[in-house]
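Accompanying notes for the structure given below.
The values are calculated or read from the model by the stated rules, or taken from the named source; none is laboratory data. If you're wondering where the values come from, they're calculated on a predicted model, not measured in any experiment. Note that each Cβ is placed from the backbone with ideal geometry, even for glycine, and that neighbours are counted across all protein chains shown. Ligands, DNA and RNA are excluded from the accessible area calculation, which covers all protein heavy atoms including side chains. Shrake-Rupley method; radii C 1.70, N 1.55, O 1.52, S 1.80 Å.
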There are 4 protein chains.
Amino acid sequence: MPTHYNRIAGQSVERLAALSDGVFAVAMTLLVLDLHAPAAEAIHSERDLLHALAPLAPRLLVFLMSFMTLGIFWVGQQVQLSHLARSTRDLTWTHLIFLVAVTLMPFSTALMAEFLGFRVALLLYWLNILLLGVLLFASWRCAIAASVLKPGLPPEVIGAVQRRIVVAQALYAVGALLCVFNTYWSLGFIVLVQINYVIAPRIGILSRL
Amino acid sequence: MPTHYNRIAGQSVERLAALSDGVFAVAMTLLVLDLHAPAAEAIHSERDLLHALAPLAPRLLVFLMSFMTLGIFWVGQQVQLSHLARSTRDLTWTHLIFLVAVTLMPFSTALMAEFLGFRVALLLYWLNILLLGVLLFASWRCAIAASVLKPGLPPEVIGAVQRRIVVAQALYAVGALLCVFNTYWSLGFIVLVQINYVIAPRIGILSRL
Amino acid sequence: MPTHYNRIAGQSVERLAALSDGVFAVAMTLLVLDLHAPAAEAIHSERDLLHALAPLAPRLLVFLMSFMTLGIFWVGQQVQLSHLARSTRDLTWTHLIFLVAVTLMPFSTALMAEFLGFRVALLLYWLNILLLGVLLFASWRCAIAASVLKPGLPPEVIGAVQRRIVVAQALYAVGALLCVFNTYWSLGFIVLVQINYVIAPRIGILSRL
Amino acid sequence: MPTHYNRIAGQSVERLAALSDGVFAVAMTLLVLDLHAPAAEAIHSERDLLHALAPLAPRLLVFLMSFMTLGIFWVGQQVQLSHLARSTRDLTWTHLIFLVAVTLMPFSTALMAEFLGFRVALLLYWLNILLLGVLLFASWRCAIAASVLKPGLPPEVIGAVQRRIVVAQALYAVGALLCVFNTYWSLGFIVLVQINYVIAPRIGILSRL
């Protein structure tokens with residue numbers, strides 16, 4: 001029986017991490033491509049320039065929100081990869097599909113920034129976050145099923161990783177639901193959730209989310 | 001006799017892997033640059049936005065197809081590099097020319113997405129895949145000829161790597177040939193081949209391809 | 001009590017360095033995207049081409065200034081990371097927010113290049129540099145507070161890192177202040193400060209800055 | 001006396017290599033951004049599409065020439081870095097300025113592709129190659145002067161690296177000079193020089209260049 005290519009493919013955690021870091025780095029930097037300097041022709045004074053820059057403020061906020069999203073999921077993926085002894089073909093592909101969702105983020109962000117008040121834009125943005133969460137969850141389950149976690153990993157860690165993803169996605173879903181009132185409520189809620197994950201306050205219930 | 005520069009150049013597998021991960025990461029992320037948010041002027045309602053987004057669906061599919069292509073070849077190159085004890089100047093250049101084919105993928109993808117029904121676009125897209133396959137095959141032969149494979153590598157692995165490339169390229173060629181009927185038949189067939197490689201089903205003949 | 005995700009997240013200095021190198025590399029290369037080849041239609045002679053390229057000179061200078069800025073802060077971050085035994089969740093996020101400021105640099109640069117004579121553009125550019133400095137300082141303090149510096153690090157190094165950031169930011173602030181006269185004075189002063197840091201002359205006071 | 005920041009900055013060869021790989025990867029991939037799919041409006045048949053693609057052929061050739069240039073200099077920098085025991089602040093900055101020349105390559109390439117017959121475009125393109133060579137030479141001299149080469153490096157290697165850069169730059173200069181006749185002579189000559197370096201034929205004089 002011939003050696004199956006599938007048994008020797010996609011073993012390296014290091015190269016998966018390197019590719020992921022590259023994709024995250026490019027996606028994070030491309031987010032900003034949506035911020036354009038205003039055209040010089042219409043600008044004749046400092047005041048003109050300030051006025052021309054003002055409409056960029058909401059785009060900047062959406063950019064910051066997306067950067068936080070990517071940062072949160074980069075940290076999340078890093079936690080998983082740091083606990084892998086090796087990878088498998090299936091696990092590598094789960095992470096590659098996770099990277100698809102990462103590369104879609106600049107598009108979702110541009111759409112959200114252009115159509116701040118539109119539910120369609122918000123729901124597509126949330127779908128992107130959901131996709132990131134589902135695939136990160138799937139890659140963790142895949143790693144457990146393939147028994148490629150580093151030996152000696154405490155079972156609490158396995159649970160903590162899963163709980164974090166599920167709780168975060170529940171909160172993001174609540175945020176998305178708030179768009180029945182208004183997309184700005186949704187965006188505000190999602191940003192608060194993200195800030196909570198970024199600063200990780202050590203107070204009561206918030207630190208357990 | 002002077003030391004030839006060519007004997008000391010291009011030895012590092014690590015840096016070749018790092019450059020390759022970088023090129024793949026940028027190419028994967030640039031694929032999405034072809035997805036543009038619709039212009040805001042013409043959009044006055046949620047329905048308008050949905051209608052404006054609909055034409056992006058085929059582009060999204062072509063994007064996913066290209067991401068799968070790049071993922072498959074990234075895994076394929078990783079398998080080869082992970083078995084190298086060191087590199088040589090010639091081998092490094094074979095991989096660099098392989099990277100040329102990688103960087104061309106965003107262009108081929110944009111062309112395919114813009115001209116879905118055109119055989120010229122499909123054949124150029126297939127030519128890009130063929131180029132990736134030929135160069136990956138050449139780099140493996142080059143590694144064998146230069147005796148830089150890690151010692152103790154079972155001969156079956158050598159065969160498995162070659163067989164995989166040849167079978168895959170044969171299937172892609174069948175896909176390209178289907179354009180005598182219709183480019184959509186070609187695209188559908190190629191996507192099925194790729195999905196087979198991504199999910200690697202463990203059933204009968206499919207798992208041996 | 002469940003294991004907190006926050007205790008196991010963001011530990012890897014290697015991946016933080018890899019992501020940072022990626023973000024810096026993309027930002028440095030995107031700076032140049034602002035240099036466009038002139039449109040071919042209006043160019044009929046070598047002289048026409050030279051004339052069409054002349055307006056790119058100030059853009060090239062702003063590009064070089066921004067490349068120096070990014071280079072200086074890349075070296076600065078590298079010094080910090082090279083002294084870390086490990087990272088923490090908070091420290092990782094401080095560096096991620098530092099990377100936000102890095103990704104904003106291509107935008108600030110494009111704005112500065114387009115509006116060379118405008119104080120608004122200059123002050124936003126300086127704000128970007130200030131943000132880089134504040135976050136680099138914060139990440140160093142955070143590393144000290146979390147006791148994650150490599151053991152045996154001489155206390156003088158800790159002071160040298162802080163002193164460098166504070167002195168540099170003071171000089172940049174002086175440069176920004178010079179815009180009460182003229183933005184060109186500001187730009188000239190900032191470039192001189194940067195050249196001092198790049199070539200690091202070994203003469204008297206300059207070598208201590 | 002306080003510890004000088006300049007003595008502790010820029011020591012890591014690994015991070016310099018990682019940043020360089022990133023910059024090269026982005027620059028190599030951005031070269032292709034200049035290849036645009038033709039606009040769909042004017043294309044109504046396969047023949048139209050073929051005709052619309054034909055003008056891309058010279059751009060593709062210039063792209064390949066620039067990819068070869070970047071590949072040659074990436075290999076050249078890799079040879080140097082692989083022989084460094086550590087880096088210094090000055091050496092790091094020499095390489096950073098070398099990376100400036102790398103990031104300028106997509107612009108020079110776009111200019112050359114747009115103005116194939118213009119000497120101004122050719123000479124700027126050559127200036128970019130010259131800059132790459134001068135800085136690579138300077139970084140090698142800097143490494144020797146700082147005594148950071150790995151111990152035990154045979155002196156012939158030191159000479160081989162320098163000889164290669166000088167000979168290559170002499171050939172590129174001859175190529176540039178040929179533009180007194182015609183820029184196409186120059187481009188043809190430069191491409192031949194590059195192909196010689198890529199395939200490194202093992203015949204007589206060519207293998208010594």
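In the range B:56-77, which residues are open to solvent by 30 Å² or more (accessible area, probe 1.4 Å), within 9 Å of chain A (Cβ to nearest Cβ) and under 15 Å from residue B:108 (Cβ atoms)? Answer for the range B:56-77, where residues must be open to solvent by 30 Å² or more (accessible area, probe 1.4 Å), within 9 Å of chain A (Cβ to nearest Cβ) and under 15 Å from residue B:108 (Cβ atoms): B:64, B:68. Residue C:103 falls short on exactly one of the conditions (1) within 12 Å of the chain's Cα centre (by Cα); (2) at the interface with chain A (Cβ under 9 Å from one of its Cβ atoms); (3) more than 12 Å from residue C:132 (Cα to Cα), and that condition is (3). Checking each residue in the range D:121-161 for being within 13 Å of chain B (Cβ to nearest Cβ) and within 30 Å of residue C:57 (Cβ to Cβ) picks out only D:136.
Within the range D:26-55, restricting attention to residues that are more than 9 Å from chain B (Cβ to nearest Cβ) and in a loop (DSSP other than H, G, I, E, B), the residue that is most open to solvent (accessible area, probe 1.4 Å) is D:44. Take the range C:78-97 and flag every residue that is within 11 Å of chain A (Cβ to nearest Cβ), open to solvent by less than 10 Å² (accessible area, probe 1.4 Å) and among the hydrophobic types (A, V, I, L, M, F, W, C). Hit for the range C:78-97 is C:96, nothing else.
Condition check for residue B:164 on (1) surrounded by fewer than 17 Cβ atoms within 10 Å (Cβ to Cβ); (2) within 14 Å of chain A (Cβ to nearest Cβ); (3) of a type in the set (D, E, K, R): one failure, at (1). Residue count for the range C:140-167 under the criterion of being touching a residue at least 24 places away in the same chain (Cβ under 8 Å) and closer than 21 Å to residue C:194 by Cβ: the result is 7.
Can you list the helices (runs of 4 or more DSSP H) found entirely within the range A:116-209 that contain at least 3 residues being touching a Phe, Trp or Tyr at 6+ places or on another chain (Cβ under 8 Å) and not hydrophobic (A, V, I, L, M, F, W, C)?
Correct list: A:155-177.
Any residue at all in the range C:8-25 that's more than 30 Å from residue A:84 (Cβ to Cβ), open to solvent by 30 Å² or more (accessible area, probe 1.4 Å) and in a helix (DSSP H, G or I)? Talk me through it step by step, then tell me what you get.
First, the residues of the range C:8-25 that are more than 30 Å from residue A:84 (Cβ to Cβ): none.
Among the residues of the range C:8-25, not one is more than 30 Å from residue A:84 (Cβ to Cβ), open to solvent by 30 Å² or more (accessible area, probe 1.4 Å) and in a helix (DSSP H, G or I), which makes the answer no.
Candidates in the range A:98-127 are the residues that are open to solvent by 10 Å² or more (accessible area, probe 1.4 Å) and in contact with a Ser or Thr (Cβ under 7 Å, 6 or more places away or on another chain); of these, the one that is nearest to residue A:33 (Cα to Cα) is A:116.
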